[in-house]
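Enquirer: Sharing a structure, written as structure tokens. Questions coming.
Taken together, the values in this text are just the output of simple stated rules run on the coordinates, not laboratory data. This structure is a prediction, so every number in the text was calculated from the model and none was measured. Note that each Cβ is placed from the backbone with ideal geometry, even for glycine, and that neighbours are counted across all protein chains shown.
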Amino acid sequence: MATFNQASVRRFREEGYLVAEGVLDVERDIQPVVDEYAELLEEVTERWYADGKLASTYRDLPFGQRLAKVLESGQAYYQYFDISLPQANVTLDTPIHLGEAVFGLLRSPRLLDAVESLIGPEIYSNPIQHVRIKPPERLVPEGHRNSLTATTDWHQDQGVIIPEADASEILTVWLPIVDATVENGCLRLIPGSHRDDLMLHCLVGREGRKGLHIPDQFLRPEETIPVPVKRGGVLFLHRRTMHASLSNRSDGIRWSFDLRYNPIGQPTGRPAFPGFVARSRRNPETELRSTRDWATLWQQTRARLAESEKPTFNRWTADSPACA
Ligand SMILES: O=C(O)CCC(=O)C(=O)O
Ligand SMILES: [Fe+2]
């Protein structure tokens, strides 16, 4: 199945990114996810209200405003919503969302057809994955600003893996659940920057702000372009393409998933977390097809990490002098 013609594949190779509109089916791929998260928000607000952690369940507010109220009240919803564990302090009850609609999205045949035309038919779902539901940035309290809730700093995705996977062809698949615009904080990137080496990434920014980022002197601001993507569309990124997000200056949410896939057999760059075979033309029987099995993989990982294990997630352990 060739979703992209040769010209598009060539453009991806040359520019390090590709925007494709209309890859996903709104009814089959997106709406189930929206419904699943509405249910999850209902569940957590009810619980936090009952526990006295919220002054109200904010039931009458639309999804985005309700989320902002929850955050304003100091409840960190993002770990309940995310589809990955955090990299530290995992306990037996660290929340993670492992719902059927999300698993359906990870395995969407429409999405995998597109992925197949870029990395081939043996497709592994790489466990470096997130959901980012970002309220208007002015409503996000300082202590809750991170790349899941607010602006994402400049980086290359290769900078977040460990070196054993440097040669893995990890494809970033970024897809918005609501139209991503310049105003609500779509991504921006530097075309062709994947041809550069892996850049230095720093851990602490100038204002003491934490978060992995490429320092300013390695960026070429005049070459950055914003990449709006409509719901149903997908942005594909090469692992060395430099990118960041704009901030959400709108009144609504900016909601996206970033998923990653690599050819089966290549290291994922985050071996402590579980991936799975999403599609194999050669050995279809190895595909993971059950949400429950997928959830079990993450639950077992959580138990293992809570127990004792302190794996390495990051190649950048201390800031170089060039970071100052
Ligand atoms: O959506 C964002 O803010 C950041 C996404 C990102 O860095 C990625 O998909 O690799
Ligand atoms: Fe990224």
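Enquirer: In what sequence, highest mean first, do 127-133, 277-283 appear when ranked by Cβ atoms within 10 angstrom?
Expert: Order by mean packing, descending: 127-133, 277-283.
Enquirer: Round to the nearest 0.05 the FRET efficiency obtained for residue 222 and residue 50 when R0 = 56 Å and r is the Cβ-Cβ distance.
Expert: E between residue 222 and residue 50, to the nearest 0.05, is 0.60.
Enquirer: Can you count the Lys pairs in the chain with C-alpha separation below 29 Å, eight or more apart or on different chains?
Expert: 9
Enquirer: How many nm separate the modelled label positions at residue 306 and residue 283, each set 7 Å beyond the Cα in the direction of the Cβ?
Expert: My value for the distance between the label points is 3.1 nm.
Enquirer: Report, please, the projected area of the stretch 4-142 averaged over directions, based on the convex hull of its C-alpha atoms, in nm². It would help to have the intermediate numbers written out before the result.
Expert: On the way: hull surface 44.3 nm².
Directional mean of the projected Cα hull area for the stretch 4-142 stands at 11.1 nm².
Enquirer: Might you report the magnitude of the Cβ-based charge dipole of the stretch 242-324 about its Cα centre, with Lys and Arg at +1 and Asp and Glu at -1, to the nearest 20 debye?
Expert: Magnitude of the dipole: close to 200 debye.
Enquirer: For the residues 69, 210, what sequence is obtained by ranking on other C-beta atoms within 10 Å, fewest first?
Expert: Fewest-to-most Cβ neighbours within 10 Å comes out as 210, 69.
Enquirer: Over the chain, one equal point on each Cα, no solvent: what is log10 I(q)/I(0) by the Debye formula at q = 0.15, 0.16 Å⁻¹?
Expert: Values, matching the q order: -1.41, -1.63.
Enquirer: To continue, here is another question. Name all residues of the stretch 226-265 having a backbone nitrogen under 13 Å from the label point set 7 Å from the Cα of residue 11 along its Cα→Cβ direction, giving them as ranges.
Expert: The answer is 234-236, whose backbone nitrogens lie closer than 13 Å to the label point.
Enquirer: Return 296, 149 ranked ascending by Cβ neighbour count within 10 Å, so the fewest neighbours appear first.
Expert: In order of increasing Cβ crowding within 10 Å: 296, 149.
Enquirer: Give, as a single signed number, the net charge of other residues whose beta carbon lies under 14 Å from the beta carbon of residue 250, with Lys and Arg counted +1 and Asp and Glu -1.
Expert: Details: positive: 134, 138, 249, 254; negative: 137, 179, 183, 251.
For residues surrounding residue 250, the net value is 0.
Enquirer: Moving on to the next point. By the scheme Lys and Arg +1, Asp and Glu -1, what is the net charge of all other residues having a beta-carbon under 14 Å from that of residue 43?
Expert: Net charge in that neighbourhood comes out at -2.
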